[in-house]
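**Student:** Have a look at this one before I ask anything.
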Amino acid sequence: MRFVVFEGLDGSGKSSLMSTLEQELRSKKIQVLKTREPGGTPLGDEIRELILRSHGQAPTPRTELLLYEASRSQHVDLVIRPHLEKNFWVLCDRFTASSIAFQAGGREIAEEWVEKLNRFATQDLTPDLTVLLDLSVQESQRRRQKRESFSGKVADRMESEADHFHQKVRRSFLDQAHKNPHQWLILDASLELGILTAQLQNHLKGLQWLP
Ligand code: TYD
């Protein structure tokens with residue numbers, strides 16, 4: 001059983017890499033759950049809608065942080081921990097590091113507050129590994145615009161933030177990864193999916209998590 005989180009700017013390819021790892025684990029008959037934040041539970045999915053929609057009045061940074069943490073505590077208690085206890089691998093699209101990156105890095109809430117609330121929401125559950133798909137802000141915007149013109153999906157409230165905000169988010173992810181090199185793996189998200197998949201598999205084999 002392992003708890004692996006995927007982080008990065010929007011458009012960094014988290015979901016594609018998560019799907020290839022999920023398939024790999026299933027092919028080895030390992031039980032796996034793929035989930036995401038905000039969301040992952042019915043209540044969490046409703047909170048996700050509330051946070052990402054543009055209302056007449058945007059939530060203040062503290063309100064926004066509390067909503068992400070509310071979604072997280074529900075998710076940890078009702079989905080993540082029970083699956084880890086049943087020996088599943090849990091692959092999660094974003095977790096506590098996103099709150100540090102977006103709400104502390106981007107919105108400039110004091111990091112110690114975000115850390116405290118992360119600990120409260122998770123009751124100290126931490127990922128075994130966080131995979132950072134590092135991408136430049138420019139490339140993230142380019143991929144997002146491409147996706148939007150292809151699918152007709154419009155940018156959500158977080159995606160609509162200025163480049164400067166996303167620069168701070170990227171810097172925070174890199175700082176967190178450099179501070180905890182044993183719990184993080186940094187991948188260059190501009191590389192092809194096949195290469196990223198191989199790099200991740202090699203890392204997991206090196207940790208002796210995969211046969
Ligand atoms: P994500 O699911 O990656 O968005 P999408 O499905 O559009 O790719 O994440 C939703 C947004 O929420 C994303 O912009 C990052 C942001 N976020 C935070 O600001 N703080 C958090 O704690 C989390 C989990 C996400």
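The values are calculated or read from the model by the stated rules, or taken from the named source; none is laboratory data. A quick note: this is a predicted structure, and the numbers were derived from the prediction, not measured. Note: ideal-geometry Cβ built from the backbone for every residue, glycine included; neighbour counts use all protein chains shown. Calculation scope for accessible area: heavy atoms of the full protein, side chains included, ligands and nucleic acids excluded. Shrake-Rupley method; radii C 1.70, N 1.55, O 1.52, S 1.80 Å.
**Student:** Among 137, 169, 79, whose mean-square fluctuation peaks in a Gaussian network model of the chain (Cα, cutoff 10 Å)?
**Tutor:** Taking springs between Cα atoms under 10 Å, the residue moving most is 79.
**Student:** Tell me, how many Å apart are the Cα centres for the range 27-50 and for the range 140-187?
**Tutor:** What the calculation gives is 20 Å, centre to centre.
**Student:** Over the chain, with a Gaussian network built from C-alpha contacts below 10 Å, which listed residue (81, 26, 170) shows the highest mean-square fluctuation?
**Tutor:** Result for the chain, Cα springs under 10 Å: 26 fluctuates most.
**Student:** Among the lysines, which fall within straight-line cross-link reach of residue 168, defined as a Cα-Cα distance under 17 Å, with same-chain neighbours fewer than 8 residues apart omitted?
**Tutor:** The reachable lysines, counting only those whose Cα sits under 17 Å from residue 168, are 179.
**Student:** What does the accessible area per residue of the chain come to in Å², with a 1.4 Å probe and no ligands, DNA or RNA counted?
**Tutor:** 51
**Student:** Run the numbers on the chain and let me know its relative contact order in percent, using alpha-carbon pairs under 8 Å that are six or more apart.
**Tutor:** 31
**Student:** With +1 assigned to the C-beta of every Lys and Arg and -1 to the C-beta of every Asp and Glu, and no other charges, what is the dipole magnitude of the chain about the Cα centre in debye, to the nearest 20?
**Tutor:** Using Cβ point charges on Lys, Arg, Asp and Glu, the chain gives about 460 debye.
**Student:** Could you work out which residue, out of 184, 113, 89, moves most in a Gaussian network model of the chain, that is, has the largest mean-square fluctuation with Cα springs under 10 Å?
**Tutor:** Checking each option, the largest mean-square fluctuation is seen for 113.
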